[in-house]
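J.: Once you've had a glance at the structure underneath, I'll fire off some questions.
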Amino acid sequence: MRAGRSRRREGGDHRDQQSDCRKTKATTKRTKLNHTRCPHQHPQFHPANRAGQRGRLMHFGMWRDQDPRANHFVTVRPLTPLSCATRTTNRVNQGLRRWREIAMFQRVRASSRHYAKGIAMPFATTKDHVQLYYEEAGDGTPILFLHEFAGDYASWEPQMRYFSRGHRCITYSARGYTPSHVPDSDADYDFQHVRDDAIAMLDQLRIAAAHFVGLSMGAYSALQVALQVPSRVLSLTLAGIGSGFEAERLEAYRARCRAEADEFERGGASEITKLAGLTPGRIPFLVKDPRGFRDFHDALGEHDANGSARTMRNFQGARPPLSEFKEAIAKLTLPTLIMVGDEDDACIDASLFLKQQIATSGLAMFPRSGHVLNLEEPALFNAALEKFLALAEAGRWGPRDPRSVRA
């Protein structure tokens, strides 16, 4: 009998279920649960029933299911051919779910996800009738995320997941980035249009003011909104801002933008990933996190070539440098956090310039980091942003004390 019980406990004999049920005392001692019946008679422990289970794994051909009422495990044997088939089905379903998760992180486009399910996609309409796709999550004080040239609405996913726990988070794809619309005219891509798109997003969602969090191109647009309508901005977070800032490099930067735009139009998505995906400021991301960089690189390859070309030519390559707004920037009184990687050479001088001009600004420099800060160092980025938002909302992020300024 002892050997028989040992074989059944190892999953080798499933015929003597009733004898197991009669041995309530032994079962209770083994599982440390105060059951009056065999555990097999409790549906929450059956392999076919996933409800209420906190964890499950396959261990030597047996299911180990965590009792939701305790911090230990109960060993549950598959009882019948039906339960074995159910277990196999569950494993297949788990594999399918895992595949869908991978597909999501490999950036299956929002259009395919929504249209396939027959779900209406959310769009905001700008003043010139461009449709901008957006997503939102959470409740509380709103945060509006503005992506960089090589990103889109989904590149803020680590921040959307984290900050939606306590805030209302909104992310959107700029004009020219699918699933937002791609205007045909170059004139529709200047920095004023892109700035006004962010304001249109607030109007669409009936938000009076929000925290603005921008990276690179998005940071430039967030700053322009603050200069144009500061009443719509609760705080500014400017990460990786200022490419083309240096006066001696400005013309070369603009010429490179125009050349890359021509290459995008001729070569399509492959040229976008080759030219925009491997700029010097992105190499630290590649070196530090090849797996994350691969996802970022693959997503970049799905951008619309015409939209990217027009954005590169008319926004990146034609926008005024920050130095032209020096007087207006010096008048800003909004709480401002500036972030930059210490290996993002194109943006360090611009970040220092903003720190010197905005009395209510703070500067965070990430060590051994490049341009894509929110994806390259999501934990550091989220921690710095969370602390800043908490101080700004509490009214504790004031101007710099004049006594700390060196004479």
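J.: Of all residues being more than 23 Å from ASP289 (Cβ to Cβ) and part of a helix (DSSP H, G or I) in the stretch 353-376, which is least open to solvent (accessible area, probe 1.4 Å)? Just the residue, please. Working first, answer last.
T.: To start, the set of residues in the stretch 353-376 that are more than 23 Å from ASP289 (Cβ to Cβ) comprises 353-363.
Next cut, part of a helix (DSSP H, G or I) only: 353-357.
Numbers: PHE353: 26, LEU354: 0, LYS355: 59, GLN356: 144, GLN357: 41 Å².
In this case the residue turns out to be LEU354.
J.: Could I ask something else about it? Quick one: in the stretch 282-310, which of the residues that are surrounded by fewer than 19 Cβ atoms within 10 Å (Cβ to Cβ) and basic (Lys, Arg) is farthest from the chain's Cα centre (by Cα)?
T.: Across the stretch 282-310, the extreme among qualifying residues is LYS288.
J.: So if I check each of ALA383, ALA390, ALA379, ALA350, which one is assigned to a helix (DSSP H, G or I), out of contact with any strand residue (DSSP E or B) (no Cβ under 7 Å at 6 or more places or on another chain) and open to solvent by less than 40 Å² (accessible area, probe 1.4 Å)?
T.: ALA350
J.: I'd like the residue in the stretch 229-252 that is closer than 20 Å to GLN192 by Cα and part of a helix (DSSP H, G or I) and, out of all such residues, is most open to solvent (accessible area, probe 1.4 Å).
T.: Ranking the qualifying residues of the stretch 229-252, first place goes to SER231.
J.: Mind listing just one residue for me: the one in the stretch 393-407 that is among the basic types (Lys, Arg) and outside any helix (DSSP H, G or I) and, of those, most open to solvent (accessible area, probe 1.4 Å)?
T.: Looking at the filtered set, the residue picked out is ARG406.
J.: Then there is this: Can ARG232 be described as among the charged types (D, E, K, R) and closer than 30 Å to GLY398 by Cβ?
T.: yes
J.: Where the second residue is open to solvent by less than 60 Å² (accessible area, probe 1.4 Å) and of a type in the set (A, V, I, L, M) and the first is free of Cβ contacts under 8 Å to residues at least 60 places away in the same chain and lies in the stretch 380-404, which pairs have Cβ atoms under 6 Å and are six or more apart or on separate chains?
T.: What qualifies is ALA384/ALA364; ARG400/ALA359.
J.: Shifting gears a bit: In this structure, does GLY268 turn out to be farther than 21 Å from VAL194 by Cβ, open to solvent by less than 30 Å² (accessible area, probe 1.4 Å) and touching a helix residue (DSSP H, G or I) at 6+ places or on another chain (Cβ under 7 Å)?
T.: Yes.
J.: Continuing with this model, one more query. I need the full set of residues from the stretch 318-347 which are of a type outside the set (A, V, I, L, M) and either over 30 Å from ALA261 (Cβ atoms) or assigned to a helix (DSSP H, G or I) (or both), in order please.
T.: SER323, GLU324, PHE325, LYS326, GLU327, LYS331, THR333, PRO335, THR336, ASP345, CYS347
J.: Can you find, within the stretch 270-294, the residue that is farthest from GLY244 (Cα to Cα) among those that are part of a loop (DSSP other than H, G, I, E, B) and modelled with pLDDT of 85 or more?
T.: Looking at residues that are part of a loop (DSSP other than H, G, I, E, B) and modelled with pLDDT of 85 or more, I get ASP289.
J.: Being surrounded by fewer than 22 Cβ atoms within 10 Å (Cβ to Cβ) and over 20 Å from PRO122 (Cβ atoms) is the filter here, so list the residues in the stretch 182-192 that pass it.
T.: Looking only at the stretch 182-192, we keep the residues that are surrounded by fewer than 22 Cβ atoms within 10 Å (Cβ to Cβ), and these are 182-188, 190-192.
Passing the criteria: ASP184, SER185, ASP186, ALA187, ASP188, ASP190, PHE191, GLN192.
J.: Output the residue which, of all residues in the stretch 202-228 that are under 19 Å from the mean Cα position of the chain (by Cα), assigned to a helix (DSSP H, G or I) and hydrophobic (A, V, I, L, M, F, W, C), is surrounded by the fewest Cβ atoms within 10 Å (Cβ to Cβ).
T.: The residue in question is MET217.
J.: Give all pairs with beta carbons closer than 7 Å in which a residue from the stretch 276-302 that is among the basic types (Lys, Arg) meets a residue that is in a helix (DSSP H, G or I) and open to solvent by 50 Å² or more (accessible area, probe 1.4 Å); count only pairs at least 6 apart in sequence or on separate chains.
T.: Listed pairs, sorted by first residue: none to list.
The values are calculated or read from the model by the stated rules, or taken from the named source; none is laboratory data. If you're wondering where the values come from, they're calculated on a predicted model, not measured in any experiment. Please note: Cβ atoms are built from the backbone with ideal geometry, for glycine as well, and neighbour counts cover all protein chains shown. Ligands, DNA and RNA are excluded from the accessible area calculation, which covers all protein heavy atoms including side chains. Shrake-Rupley method; radii C 1.70, N 1.55, O 1.52, S 1.80 Å.
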